[in-house]
Structure formats: structure tokens, C-alpha cells
Amino acid sequence: MRSVRKITCVVLLLVLILSGCSGLFEIKGLNTGTGAFLEDNTMDAVKEDVGPAPGGTLNLFMYRPNTLNPLTTKNQTVRHLSLFIFDQLFFEVGDEEVKNGLAESYSVSQDGLVFDFALRDKIFFHDGEQLSADDVAFTIEAIQKAGEKSIYHRNVSGIESVQALGRLGLKIVLKNPDPVFVNKLTFPIVPRHIFEEWPVEGHNEKLIPIGTGPYIYAAYDDNEITLTRNESYWYLDSDEGISHPLWIDKITFKIYANESDIMAAFQKKEVDIAYLDADTGVYSKRTDIYCNEYESDKFEILAVSPKGLKNSPVSDEAFRKAIIEYLCWYSEKEPVENGKAELNALFSFTRQNALDRRSTINALLEAGYKYDEEENILYSAKNGAKSQIVLQLLYNGVYEERTYFSEWISKALFEIGIKVSAQNVTSLDTQKAVASGSFDMIILGCRMPVSASLSEMPDLISESLAISGNNFVVLPLSRKNGVLLYHKNIKGPRKPIWKNIYNGWSEWYIVE
């Protein structure tokens, strides 16, 4: 009896010990939602979050840079690095949304051509030199001089002249009015006295990036670049600035060769954040990480050639206009019925009207085409013979959604009597078709340059396809999502946007 009581006590003691530890440990294979799985059958102690406090190192990723000059790099991860070292005239806080940065205020002339800016006073670069309007004018001129070697060249391409007016005044004259010009003033402002001698490309140990930003360049070796907190950051004391200290002591950008290496580093917890240029997939189901989607810079578009194949009606602007406006209407009436494809950019990025089926047929009749209601055939008549309108549609089915989009377009145009010959071709075939202009319609993927605004997308695509100057040639079909993965030691708001995947970082703190 005594031995039974002894065994019972031992069992109860074990139960109490295990139940007392259940909030502190997570055993591999048993997900309590309070900790993270490890890969070696050990237990991971849950980190206690007592709220924001200074301290810790944030480990981020980057690709190997060929230059640390933020104005002339085309490396997106160098641009991400520069967001912590340099400030901008205006800060991006959302998609197409900015707030005042180094610019305290501005005014615009009635004709929309002249912008007068007043800079904030008593802002210092990391080396102690004070920011002036001359530094801003130098920055703009340096980007213009670099031309297409700079990812910001489109931001300043519409500027006719820039002039420093005293220490804190700046006048910018545009070539043409631009209603979104202020949104383009989001490039790094660099000090003339440091960057005047920097080459467009290349890097050596003497070339140290110095800005006015929240973090200071500290070291660069083969494997990483280290930044340390700027204890005198001007934005801490600004009325509309950060209402607390910078929480994170140090930021380390670790250098990797490619995305797969970054993902491997994330799995091993070498970096705290990873970028996924795809659907969330299994990552959205993991409880040991945070997974945030955002609208990325990647699009799927339908391009309609103003040249077309021989005798194709797409060379007729009235025809292109009718079918593009019809597809806009059809997208509302008959969305793609497949979870793997979504038409989400038609109305977001175009200002096209929407014509219903009957209005479209009437517009095509006015343009000189014939329609047989009984046979549902749109045709042209030559020498008394009916010739049904047939359009070629090219797409590279490496992305499954393009197949669904091609089927949707074929179905939509069939309903107004147009036959579509959809062809799944190689990437090389699509490149050749675009280069020659010998196609009717083609589905393509494209990226929006960081220097562009959303309203400029159709024109930029037309320009890149060498079909600019023509109307009704581009119809955005979908905007893809990007994904940021975060380890749970990062606390604070996660608000990635396509121009700044680390948006919200100023509120982050590290739980060690």
C-alpha cells in the first residue's frame, strides 16, 4: 500500500512539473502555439515579451553589391540598405502614399510646373555636416547624370531645372505638369561633400555611405554589412516623427548569392526576415513564423499589338478600344472561375470605360465590321465572302495562371463572335514576337520599376514593348502578391509595401 502511494505521488509530481512547464516549452511534434519547432528534437524556450525596449540585432539579407552608391545601384537590396542610412524628401508610408521627410513644406505654381520646397533646419549628416538645399540639388543632378544606370532616373526625368535658394530653399521646375511628382521625391538625399567623387559603379573601403538616416554605416566585410543606431536621429524629436527611441541597436545585412540561399538562411535563423516571390503555400500554415502578403511590383498583362499579324484588325484603334473596354466589362460579369488566377488589376490600373456585349458589337459595327447574330460570328466581308475575325493569342504557360487567363479571354471574345487561336509558346517565342511586333495579343509578366507610379504603368509597359504612342494596347490582368516571412523574435507592425518591404520597421523591437 505504501509503495502504491509512493508511485502515485511520483506520478502526480511529474504531472505538476510537466503542466507547469507547458507554457514555457514546446516539444517537436506537439504544437501548443507558444513556441517554435526546432529540427533536432530539443525544446525551444518561449521568449518573454515585456514590450518595446532598446536592444538587439536585426539580421536582414542582401545580394552582393557592385556599389554602395544608393543613387546609381540597380541592386534592390542596396536600395533597402539605403532606407536605413539615408532620408528622403518624402517618406513612403503606403502604396502611392507619402508623408513629409526632409521637406518641411512645399508649394506649387498654378500651372503645376514650379515647386518650391522648404527643408527642415538643423538636420545633420552622420559626419556632423549640416544638410542644405545644395545637397538636394546635387542629388537630383547626380541621378540625372547617371541616367539609366540609376533606378531613380525616372523619378527625375521630368525635371527641367533645380536650384538651391539659400540654405534651406529649393526650386524645381518641371518640363510638364505631373500630379504625382511629390510621390517621386522618395530617393536618398546624399551629401555633396561625400558623394561628389563617388564613381557610378564600384566600391572600395574609402567609400563610406554617409546620410542623415536612423542608422550609421559601421563595417563591411565579405559576408555582411553592419549598421549601428544613430542616437541623434533628427526624426526622434520631430513633431510628426517617432515618439520613442529607435528600439533596435544594430542592423546586419548578410550577403547571399540568391533567393534559395536566403531561404536556407531563414530556416537556420541566420536572418530574421526572408522574401518569397510566390504564393504563401505551406508557410501560411506555420505557427512558428509570421507570414505577411503584400501587393508586389509584378504584373500579368495583356498586350494588343497596334501592328498585328497580316491583315489583323488589331491594327485598327477602334477595334482595340472596343475589345479592351469589353474585357473590362466582362471581368465584372464573368470573373475567372479558378482559385489559381484572379483578375485584380483591370480597373485598378486602367481608366478604360466598360462596354457591355451589345454596346461592343455596336461599336464594332460602327468601325466597319459585320456581325451575324444567328451564327454569333464577327466578320469582315470581301468580295461577298464572310471571313470570321480570328485573333492569335500567345502566352508562355510556365505560370499556370496564364493558361486560365488565355481561356478566359478566348471565352469572352467568343461571346462577341471573335475566334481566338490561343498558343502556349516558349519564353523565347514570346520575346521574338514582342521584338518583331508580329502578334495580335500576348500575355506577359512584367515588373514595375521602383521609380514609377501606378498611374504610369500602362505607358511604361507600352514603351518597353516598343508600342508606345498607340492607344488601347495594354490591359493589366493581375497584380501578384509578394510574401515576407518573419521570425517571431521581431515584434511590432509588419506593413510591407512593394517599394519598402521593411515598412513599419521604426516600431519594431527584438525579443532576445
> When segment 488-512 is examined, which residues are found to be among the aromatic types (Phe, Trp, Tyr) and either assigned to a loop (DSSP other than H, G, I, E, B) or more than 30 Å from Tyr215 (Cβ to Cβ) (or both)?
Replying inline: Trp498, Tyr502, Trp508
> For the subset of segment 468-487 comprising residues that are assigned to a strand (DSSP E or B) and among the β-branched types (Val, Ile, Thr), which member is farthest from the chain's Cα centre (by Cα)?
Replying inline: Val474
>> Name the single residue that is nearest to Glu97 (Cα to Cα) among those in segment 193-211 being at pLDDT 95 or above and part of a loop (DSSP other than H, G, I, E, B).
In response: Gly211
>> Looking for something under 26 Å from Asn503 (Cβ atoms), touching a strand residue (DSSP E or B) at 6+ places or on another chain (Cβ under 7 Å), assigned by TED's automatic domain parsing to the domain that holds Gly504 and at pLDDT 95 or above - is there at least one such residue anywhere in segment 141-156?
In response: no
>> Please pick out the residue among Val190, Val136 that is part of a loop (DSSP other than H, G, I, E, B), in the same structural domain as Leu236 (by TED's automatic domain parsing) and closer than 18 Å to Phe91 by Cα.
In response: Val190
> On the given criteria, is Ser331 under 42 Å from the mean Cα position of the chain (by Cα) and at pLDDT below 95?
Replying inline: yes
> Given the residues Phe117, Phe91, Phe124, which is the only one that is aromatic (Phe, Trp, Tyr) and more than 26 Å from Val450 (Cβ to Cβ)?
Replying inline: Phe124
> Say we look at segment 250-304 and pick out the residues that are of a type in the set (D, E, K, R) and exposed (fewer than 14 other Cβ atoms within 10 Å of the Cβ); which of these is nearest to the chain's Cα centre (by Cα)?
Replying inline: Asp277
>> When you scan segment 130-139, do you find a residue that is surrounded by fewer than 16 Cβ atoms within 10 Å (Cβ to Cβ), β-branched (Val, Ile, Thr) and either at pLDDT 95 or above or within 28 Å of the chain's Cα centre (by Cα) (or both), even just one?
In response: no
>> Condition first: buried (at least 19 other Cβ atoms within 10 Å of the Cβ) and more than 15 Å from the chain's Cα centre (by Cα). Now tell me which residues in segment 66-77 satisfy that.
In response: Thr67, Leu68, Asn69, Pro70, Leu71, Thr72, Thr73
>> Give me the residue from segment 221-247 that is within 27 Å of the chain's Cα centre (by Cα) and not in a loop (DSSP other than H, G, I, E, B) and, out of that set, nearest to Leu89 (Cα to Cα).
In response: Tyr235
> Does Glu48 meet the test of being exposed (fewer than 14 other Cβ atoms within 10 Å of the Cβ) and either more than 22 Å from the chain's Cα centre (by Cα) or within 30 Å of Lys268 (Cα to Cα) (or both)?
Replying inline: yes
> Within segment 305-353, how many residues turn out to be acidic (Asp, Glu) and within 20 Å of Arg402 (Cβ to Cβ)?
Replying inline: 3
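Yes/no matrix, rows are residues, columns are (1) free of Cβ contacts under 8 Å to residues at least 60 places away in the same chain; (2) basic (Lys, Arg); (3) closer than 29 Å to Glu97 by Cβ; (4) assigned by TED's automatic domain parsing to the domain that holds Cys328:
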| site | (1), (2), (3), (4) |
| --- | --- |
| Tyr399 | no, no, no, yes |
| Asp440 | no, no, no, yes |
| Gly445 | no, no, yes, yes |
| Met457 | no, no, yes, yes |
| Ser464 | yes, no, yes, yes |
>> Going through Ala433, Ala422 one at a time, which residue ends up being out of contact with any helix residue (DSSP H, G or I) (no Cβ under 6 Å at 6 or more places or on another chain), in the same structural domain as Leu394 (by TED's automatic domain parsing), surrounded by 14 or more Cβ atoms within 10 Å (Cβ to Cβ) and of a type in the set (Gly, Ala, Ser)?
In response: Ala433
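The values are calculated or read from the model by the stated rules, or taken from the named source; none is laboratory data. This structure is a prediction, so every number in the text was calculated from the model and none was measured. With ideal geometry, Cβ positions are generated from the backbone for all residues, glycine too; neighbour counts draw on all protein chains shown.
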